[in-house]
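The structure appears below as structure tokens.
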Amino acid sequence: MKLDEMTCVVTGASGAAGSVIVDVLSKKCRAVVGVARGVEVNWHSLGGNRFEATADVLSQTSVGFLVSEVLRHLDSFHVWINVVGGFSVGGSVEETESEEWPRMFDLNFISTLNCCKKTMSVFKAQQFGRIINFGSAAALNGMALAAPYAVSKAAVVNLTKTIALEGKDSGITANVIVPTIIDKPENRKAMPEADFSKWTQPVAIADAIVEIVESGRSGRVIRV
């Protein structure tokens, strides 16, 4: 399939990176569904080929209903991009509060796992699908004072590689974007002394996603 024939779903669409990805894809895809956080699944048409839905990606039930709504309104979807996640920086490994570990795993890993699980059956049935997850440079290198974040993102990278292996005979590709720190307001607030010029711009991520979808390759870790 060509990109202009595909319907793309983007979680975390209300964030700085997600909103740019939706904007870029809306100019290239058949339709784009931006998913924002919500207790219930609500569906809205934004005009043209753009749609918005809310869902709780920490709930498999909510994600399952979201998938059903996309199928009901748009017949199918071909690309699922998991931008949703969270970041925290704080103490060292021994100083980090115990509750921070499950919080980061929920925001980064469980959210991604839930979405991947619910999309795989659709993609296998239609023998085509593109899954793109968000890792982090910290997932590959570690990150001092941010261990729960780095480890949860490392789990996302490994999950993506595993899906690529399991999906290779089903027309499914899975790849992971590994940006450095994304230049967005919440990261600037968390690290005000950092050199923002070295951070990844959201539009660079969007361009990388387009290349991934069009290439048809799988199991890649794409540094941005």
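The values are calculated or read from the model by the stated rules, or taken from the named source; none is laboratory data. These numbers were taken from a predicted model, which means no experiment stands behind them. Cβ: placed from backbone, ideal geometry, glycine included. Neighbour counts: every protein chain shown.
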Note to self: Looking at Ala125 and the list (1) under 20 Å from Arg37 (Cα atoms); (2) in a helix (DSSP H, G or I), which single condition is not satisfied?
What the structure shows: (1)
Checklist line | Residue satisfying condition, being touching a Leu at 6+ places or on another chain (Cβ under 7 Å) and either among the small types (Gly, Ala, Ser) or surrounded by fewer than 22 Cβ atoms within 10 Å (Cβ to Cβ) (or both), within set Glu193, Glu214 | finding: Glu214
Notebook entry, point to check: Which one is nearest to Asp169 (Cα to Cα), of the residues in the range 113-142 that are buried (at least 19 other Cβ atoms within 10 Å of the Cβ) and free of Cβ contacts under 8 Å to residues at least 40 places away in the same chain?
Noted result: Ala139
Next item on the list: Under 8 Å between Cβ atoms, at least 6 apart or on separate chains: pull out the pairs that start in the range 1-24 with a residue that is on the phi > 0 side of the Ramachandran plot and end on any residue that is at pLDDT below 95 and not in a helix (DSSP H, G or I).
Entry: Gly12/Val84; Gly12/Gly85
Notebook entry, point to check: Restricted to the range 146-174, and to residues that are among the polar types (S, T, N, Q) and not in a strand (DSSP E or B), which residue is farthest from Glu100 (Cα to Cα)?
Noted result: Ser170
Notebook entry, point to check: Only one of (1) out of contact with any strand residue (DSSP E or B) (no Cβ under 8 Å at 6 or more places or on another chain); (2) over 21 Å from Glu100 (Cα atoms); (3) not basic (Lys, Arg) fails for Asn141. Which number is that?
Noted result: (2)
Note to self: Filter the range 62-91 down to the residues that are among the β-branched types (Val, Ile, Thr), touching a strand residue (DSSP E or B) at 6+ places or on another chain (Cβ under 9 Å) and in a loop (DSSP other than H, G, I, E, B) and list them by number.
What the structure shows: Val83, Val84
Notebook entry, point to check: Does Leu58 satisfy being at pLDDT 95 or above and closer than 19 Å to Gly129 by Cα?
Noted result: no
